[in-house]
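Below is one structure, written out as structure tokens; the observations come after it.
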Amino acid sequence: MDHDAFRVLEPWCWRAPSAHNTQPWRLRYEPDAIRIGWDPAHTLPVGDPTGRDLRLSLGAFVETCLIVAADAGLRLEYVADHDEHHRWVGLLRPAPDRYPTPFCTTDVWERRTHRGTLAGTVDADTRTALDAVARPAGGSVRAVPDAGRLGTLLRTADRRQYADPAIVAELRHWLRLDPTHPGYHADGLTDRCLALSRPAAVGLRAVLAGYPVLRPLGLPRLLAAAAGDPLAQGGTVLVLLAPDHLDPPGQV
């Protein structure tokens, strides 16, 4: 197995999405495979107590690895080998053919997470195409009817999140609101990815620093209101439906 060829591709693989941009994945190069696992220091034990977001992030990383490898002409496949105790999920190993995918490295590099307001709608042809991508794995993609009603639920969820000191502490750990932060260019949630202006980023840092004092005075409600309603201008909300009764390897 050509380890050196894949090592060159690693920076593109790291473009995979993960909750809070923690980038939990870790690779171990073995003689005939590349083992994929995770670093517990890059997980969210408070916000993701069941590990579901972790497993979805690792699955996104696996898919990204396969896309990038296929585009580079490397023939690899993923084999599940889930081991919760040793924190491994599976292996990349040589395969007879390249991984079949409609995507390429350029798609991976240009992937973005937008945290601003949704605008416009997703047409029926695009929804059908997305659904076709999900169905081979037993899933499907559906549009939420009357998505505007989700705004109330989002504000309620934000208030509950900001009212929990443990969740706020975990969030603060992964916030990168100042370009001088040592992890600003490595991981976490930067002011840029959160679409915050410089004054807004400075203000958020100050408010969260005073969280113990300000929380009883209504800070959670204020922060939830400041986040705004991403559905205020309409837009289509799509939901990925997974097959029923997925076990942890299935979630990956």
* Excluding Y184 itself, what net charge comes from residues whose Cβ is under 15 Å from its Cβ, given Lys and Arg +1 and Asp and Glu -1? -> +2
* Structure fact -> Any residue on another chain or 5+ positions along whose placed amide H is under 5 Å from the amide H of T190 is listed here as R176
* Asked: Counting Lys +1, Arg +1, Asp -1, Glu -1, what net charge surrounds R75 among other residues with beta carbon under 13 Å of its beta carbon?
  -> -2
* **Difference of contour (0.36 nm per residue) and Cα-Cα distance, D244 to R160** => 27.4 nm
* Asked: Taking the chain as a Gaussian network, Cα atoms linked when under 10 Å apart, which of R142, R15, R159 shows the biggest mean-square fluctuation?
  -> R142
* Long-range HN-HN contacts of D81 with modeled amide H, under 5 Å -> G90, L91
* Asked: What shape does the range 146-193 have by the C-alpha gyration tensor, where a ≥ b ≥ c are the square roots of the eigenvalues, rounded means a/c under 1.5, and otherwise prolate means a/b greater than b/c and oblate the rest?
  -> oblate
* To do: May I ask you to order 200-208, 130-138 by the average number of other C-beta atoms within 10 Å around their residues, highest value first?
  => 200-208, 130-138
* Structure fact -> If one builds a Gaussian network model of the chain from Cα atoms under 10 Å apart, the most fluctuating residue listed among S197, S57, S18 is S197
* Asked: If you take the charge dipole of the range 113-252 about its Cα centre, with +1 on Lys and Arg Cβ and -1 on Asp and Glu Cβ, which of A186, P212, Q251 is farthest toward its positive end?
  -> P212
* Asked: Among residues other than L92 whose Cβ falls under 15 Å from its Cβ, what is the net charge (Lys/Arg +1, Asp/Glu -1)?
  -> -3
* **Dipole magnitude (debye, nearest 20) for the range 1-73, charges at Cβ of Lys, Arg, Asp, Glu** => 220
* To do: Please find the FRET efficiency linking A226 to A206, where r is the Cβ-Cβ separation and R0 is fixed at 22 Å, and quote it to the nearest 0.05.
  => 0.95
* Structure fact -> Per the helix-only model, the chain has a calculated mean residue ellipticity at 222 nm (DSSP H runs of ≥4, -39500 (n - 2.57) each, divided over all residues, rounded to the nearest 500) of -11500 deg cm²/dmol
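Laboratory data are not the source of any read-out in this text; all were calculated from the coordinates shown. Quick caveat, the model's predicted, so the values are computed rather than measured. Note: ideal-geometry Cβ built from the backbone for every residue, glycine included; neighbour counts use all protein chains shown.
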